[in-house]
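Comments concern the structure below.
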Amino acid sequence: MVYSSNVVSLSGTINVWYITFLGVLLGMINAFDIPTRQAFLPQTVGKENLGNAFALYSSLVSVTSMVGPAIAGLLIAAWGSGLCFLLDSISYVAVIIALLAISSSIEFKCR
């Protein structure tokens, strides 16, 4: 999704319907993504650190909801939306690397 936003933004063909479609798609993805992340939290940190992990997770969500759009606004004002989408798409590489490192060190239990 981010990569397609980057391509459309840099090519100059972005329109309101595309943004609306991506907003709806992102909402549908988050409906599954956010509960899934919270469900995996006990398995990644263990029961003894669960309270601290949920507090840290909630704090990070709140801070990134405030700081992320502010930084994006500064980037858009300075260099345009294309660079903002490009940096966002590059940031997903770090997330994928972190997820690969986590998945190799955790043993998941099926109920």
- request: Could you run through segment 41-83 and say how many residues are of a type in the set (Gly, Ala, Ser) and over 30 Å from Val7 (Cα atoms)?
  value: 6
- prompt: Is at least one residue of segment 7-20 under 27 Å from Ala98 (Cα atoms) and either open to solvent by less than 50 Å² (accessible area, probe 1.4 Å) or without any contact (Cβ under 8 Å) to a residue 12 or more places away in the chain (or both)?
  reply: yes
message: Go through segment 30-68 and report how many residues are open to solvent by 80 Å² or more (accessible area, probe 1.4 Å) and either touching a His at 6+ places or on another chain (Cβ under 8 Å) or closer than 29 Å to Ser9 by Cα (or both).
response: 4
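The values are calculated or read from the model by the stated rules, or taken from the named source; none is laboratory data. No experiment lies behind these values; they were computed from the predicted model shown. Cβ atoms come from the backbone with ideal geometry, glycine included; neighbour counts cover every protein chain shown. Quick note on the areas: whole protein, heavy atoms, side chains included, nothing else; ligands and nucleic acids left out. Shrake-Rupley method; radii C 1.70, N 1.55, O 1.52, S 1.80 Å.
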